[in-house]
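Below is one structure, written out as structure tokens; the observations come after it.
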Amino acid sequence: MLDLTYEVLARDKSGIQKRVSELLDRSIVKDYRARWNSVCFKPSPSVVGAEDGSINHKRYKNLVIYAVNATAHVYDGDIRSASSADVGVLYPYFQIEERLHLYRAIYEFKCALEVIDSVDLFLVDGSMISDLNAFRRLSQGVSKEQREEVFALLPMLEQAEGVEIASIELSRRLGPDGYREKLVFLEYLEYLTTLEKLLSRGLDKLVGISKLSTRSRLGTGVPDLAVFEEATSQAGYSDPETDVVTRRFPVYDELFRSLVFTISSIRLEDGKDVYMLEVPREIDKSQLIELLERISYTSVDGYPYLLKKAHKEVTITNREMKNLIAGLGIVAKTGREVLK
Amino acid sequence: MTGGSVIGVCIGEATPGEAAFISREMPVTGEYVTLEFEDARVLGMVESLVRGSPAISGDIIDPDVVERILKFEGTGGQYVRGRVRLLGDVKDLRIPKVPPPPGTKVKRADTETLRQLFSTGSIRIGTLLSNPEVEVKLDANMMVSRHLAILAITGAGKSNTVSVIVEALIKLEGMPIIFDMHSEYGDAGFTSVKKIAPRLNPVYLSFAEFKMLVDVGKDAYIQERLLRKAFNAAKSGMKGRGSFIEKILRKLEEKADSEELKTGSEKNAIAGVINKVEDFENKYEGLVDPHAPHILDQLEQGSANVIDLGSVDEDYADVIVSHILRRTLYKRKTGDMPPAFCIIEEAHILAPAKRPTHSKYWIDRIAREGRKFGVGLCLVSQRPKSLDQNSLSQANNTIIMRLIEPSDQRHVQQSSERLSDDLLAQLSSLNIGEAITLGLMTKIPALVKIDKYPGKIKGGDPDITGEWKKRAQKQRQLKKQKKAEITDLYTNII
Ligand SMILES: Nc1ncnc2c1ncn2[C@@H]1O[C@H](COP(=O)(O)OP(=O)(O)OP(=O)(O)O)[C@@H](O)[C@H]1O
Ligand SMILES: [Mg+2]
């Protein structure tokens, strides 16, 4: 860091402090208490599943090595699990960040599919609406003919079994013309195919839980989660809202756009954190309470335990990534050596 | 020969002397294991264990959270990590030249292998803590000739250990000599015991010993010279009647009456010496006995020779111990006595680290020369750091029981290179009667449950509440009696 930063801080300190205290002023958010429904949830037994995934990577000048983990846990008196892991080379060197996220999501969904039929309730980390809206860029820059070529592989994507990414194998069938773009499009289709399977098989089971939702419909300028976190402290939920996805999709367009999501900020235990809950169906307040009571059954410290467990287990740290690379015995340049 | 069940597998980096492992089962510390690699079967000891669960990490701050997690996880997902000290190939106990590779299986050592290592000596002191089927037998030759130190906090079981060893020595027709500082051993019930009263015949004392008992100070040169002359005259067969002490007194009085003494200070000096010798006679009446046989002539082979020092003061104990040690070493040199094992209780009093004593000199000499002449030392102490470091480091064998103070632990470690940090860390968690044995008397270090000596050692924990009760009862009875007497008296009057 430049020393100049300290100088700037010293100069602007009081201004920044004032701004922080303005933003933290509880009086702004008091009005929103009325939208909070305090409930003391009585845990009600049900078979719950949850999944999480993680990806880490190392960039070299001409290639990227990634490692991906995903795991799904089910609690039915005992904890059962389905897991998968992969280490691979991302090729070609194109749209890296997004594709790595997409890989992770595919692994997560496929793990979830392994157990979804055996649970009453399945928790995913994050928001399905965001999942649907994500990766739009990956369908850009592909011509009509190229799309047709990729669509021809769709049945094979749909039939693919197991947790691996099928596109990697199928990509051999793609012609050289616009190969990069076609491959990325193919991967995107695999993502949507998997998400479609999960949504149709888990329409009445799926629940998204996000810790850091940026959804901000209250018009306060801060995320809705933060508003309720400040304004309330008891267990309960905010008045549910509904939402839909309006964009167009290259496949399953009708299905995706017909989904109605119910969204609410929730707190499972007094004094604990507020999370954003999202289900791909319309539910009323009493159904929401029933759902939250079933989630409470396997929650610890106000958060679903299986989600926490899955997260802890899959996280690939940078150190572990280094060990994996060391295990491969690769000597390649990252291009950063000159900076050292 | 594949040994017992697999309890873990090596991970991480290993050295030829040490390896880390993980396990699903719970081994116990001190447990013996074998590792097979590079055509060798290597014995190891589990030295430290860590147990944890990734689900219940150290950053949880709410006990209820732990309860809830346990509900889901049960005891599943726990891991045990530990360290093994590699002690050597089971055949020859040679430390392997290469470390075990990661993935090497850690197996429980089987009873037969352990017996070959621990049960070959002739002094049974107990069983392995981790495997009660394996007797721990010490090599008597090594124990006696290379000396032994028994170190532990008070009440940990030192005297019990001594008793077990002494009883075994009796069976071997050995010659244990116990300097019994607290009169614990005389009635302990050894199968054969020779109680020896701490009586000294002054004739056999050296002048230094005699001077100490008479309490002639270091700087009293004139007194010392006068006393020495009288002592030598009495010793060299001075004519006339009376005991040794009487002869000395007579000699001193003669001197006082003679014309030789000119100055006042010389006159004062001789009066002082006479007073001191008379005081000495009173103070040690019954202990210093001109008719006592030589104390060494009373020793018996095949018995516990218990020299009761419970009722004598420290100076006297110092003189008697140094006297016996000196004579024992001498008699062994001339071959007039069987090999002996001298057990010194409260060794930190007789051989203190910070000041010289007569005993310390002889303890130190036996520690250095005893091996050649077959005189063994057993130093027993609850305060290792107050014990003379020279003697302690000559003790090649050690039995360490519960020791809490870090400074004591470090002190012990400095004098015993075989005590690793992990073993050291165990010392504060040993229970009564549990010990680590180190040194040449065992092939390898062992964690031992010492046998409980069946007799009764007096030094054992006293029954305090019982004694209170007894005394209170007695007092009540006395009161009652008095009352009865008074009522009696009154009724008689009326
Ligand atoms: N191996 C053993 N098994 C069972 N009990 C034991 C064992 N060793 C000692 N004890 C018990 O512990 C108590 C103390 O033992 P002991 O007198 O041997 O301790 P110590 O270390 O000599 O103590 P101190 O420092 O006071 O002399 C006794 O009551 C004894 O019976
Ligand atoms: Mg004792």
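Data overview
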item	result
Average Cα contact separation per residue, chain B, under 8 Å, 6 or more apart, as relative contact order %	19 percent
Value of Rg to Rh for the stretch A:109-171 (Rh from inverse mean 1/r over Cα pairs, i.e. Kirkwood)	1.04
Environment charge at A:Lys18 (Cβ cut-off 15 Å; Lys +1, Arg +1, Asp -1, Glu -1)	0
Environment charge at A:Trp36 (Cβ cut-off 10 Å; Lys +1, Arg +1, Asp -1, Glu -1)	+2
Those trypsin sites (Lys or Arg not before Pro) in the stretch A:1-84 that DSSP places in a loop and that have at most 15 other beta carbons within 10 Å	A:Lys61
Extended-chain gain in nm, criterion 0.36 nm per residue less alpha-carbon gap, A:Ile96 and A:Glu7	28.3 nm
Gyration tensor (alpha-carbon) shape descriptor, the stretch B:255-381, a/c threshold 1.5	prolate
Shielded by partner chains, the stretch A:64-95 residues - at least 50 Å² of accessible area, 1.4 Å probe, vs chain alone	A:Tyr75
Estimated buried accessible area (total), pair A and B, 1.4 Å, Å² to nearest 100	900 Å²
The stretch A:253-314 - accessible surface per residue (Å², probe 1.4 Å)	37 Å²
All-pairs alpha carbon distance profile, the protein assembly as shown, 20 Å steps from 0, percent	12, 26, 23, 19, 14, 6, 1, 0
Three-way shape call for chain A based on the alpha-carbon gyration tensor, with the a/c threshold at 1.5	oblate
Segments A:157-168, B:446-457 sorted - mean Cβ within 10 Å per residue, highest first	B:446-457, A:157-168
Highest-first arrangement of B:370-379, B:329-338, B:210-219, where packing means the average Cβ count within 10 Å	B:370-379, B:210-219, B:329-338
Rg/Rh (Cα only; Kirkwood hydrodynamic radius) as it applies to chain B	1.13
The stretch B:203-283 - Rg (one decimal) and Dmax (whole number), Cα, Å	11.9, 34
For the stretch A:51-138, alpha-carbon Rg and Dmax in angstrom	14.7, 49
FRET E, pair B:Lys171, B:Gln298, Förster distance 25 Å, beta-carbon r, rounded to 0.05	0.70
Theoretical FRET efficiency, 1/(1+(r/R0)^6), r = Cβ-Cβ of A:Arg173 and A:Asp117, R0 30 Å, to 0.05	0.45
All-pairs Cα distance distribution in the stretch A:1-64, expressed in whole percent, bin size 5 Å	3, 9, 7, 8, 7, 8, 11, 16, 13, 9, 7, 2
Accessible area expressed per residue, chain B, with surrounding protein chains retained (probe 1.4 Å, Å²)	50 Å²
Residue pairs, from the table B:Lys218/B:Lys283; B:Lys218/B:Lys360; A:Lys272/A:Lys309; A:Lys110/A:Lys272, whose Cα atoms sit over 25 Å apart	A:Lys110/A:Lys272
Neighbouring partner chain Cβ atoms per residue of B:61-70, average, 10 Å criterion	2
Angstrom value of the Kirkwood radius, inverse mean 1/r, which spans all Cα pairs in the stretch B:117-263	20.1 Å
Stretch in chain B that is longest and holds no GluC sites (Glu not before Pro) that DSSP places in a loop and that have at most 15 other beta carbons within 10 Å	B:39-172
Nearest-0.05 FRET efficiency for B:Thr154 and B:Gln116, computed from C-beta distance (R0 35 Å)	0.45
Along principal axes, Cα extents of the stretch B:6-109, largest first, whole Å	53, 22, 20
All Cα pairs of the stretch A:182-279, percent lying beyond 22 Å	42 percent
Cα pair distances in the stretch A:88-237, grouped into 5 Å bins until the bin that holds the longest one, percent each	2, 8, 16, 17, 17, 13, 11, 7, 5, 3, 1, 0
Span from the the stretch B:100-152 Cα centroid across to the the stretch A:196-227 one, whole angstrom	65 Å
For the stretch A:123-208: rounded, prolate or oblate by the Cα gyration tensor [a/c cutoff 1.5]	prolate
Accessible surface of the protein assembly as shown, 1.4 Å probe, proportion on carbon and sulfur as whole %	51 percent
Neighbourhood charge, 10 Å Cβ-Cβ cut-off, centred on B:Asp451 and excluding it, Lys, Arg +1 and Asp, Glu -1	+1
Residues along the stretch A:299-327 losing 10 Å² or more of accessible surface when the other protein chains are present rather than the chain by itself (probe 1.4 Å)	A:Ser299, A:Val300, A:Asp301, A:Tyr305, A:Lys309, A:Lys312
Trypsin sites (Lys or Arg not before Pro) within the stretch B:55-127: DSSP coil, no more than 14 neighbouring Cβ in 10 Å	B:Lys91, B:Arg94, B:Lys97
Simple Cβ-charge dipole of chain B, Lys/Arg +1 and Asp/Glu -1, about Cα centre, in debye nearest 20	820 debye
Charge dipole of the stretch B:203-283 about the Cα centre (unit charges at C-beta), most positive-ward option of B:Tyr221, B:Val203, B:Ile245	B:Val203
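The values are calculated or read from the model by the stated rules, or taken from the named source; none is laboratory data. Given the structure is predicted, the values throughout are model-derived calculations rather than measurements. No Cβ is skipped: glycine too gets one built from the backbone with ideal geometry, and neighbour counts run over all protein chains shown. For the accessible areas, the whole protein counts, side chains as well, though only heavy atoms, and no ligand, DNA or RNA atoms are used. Shrake-Rupley method; radii C 1.70, N 1.55, O 1.52, S 1.80 Å.
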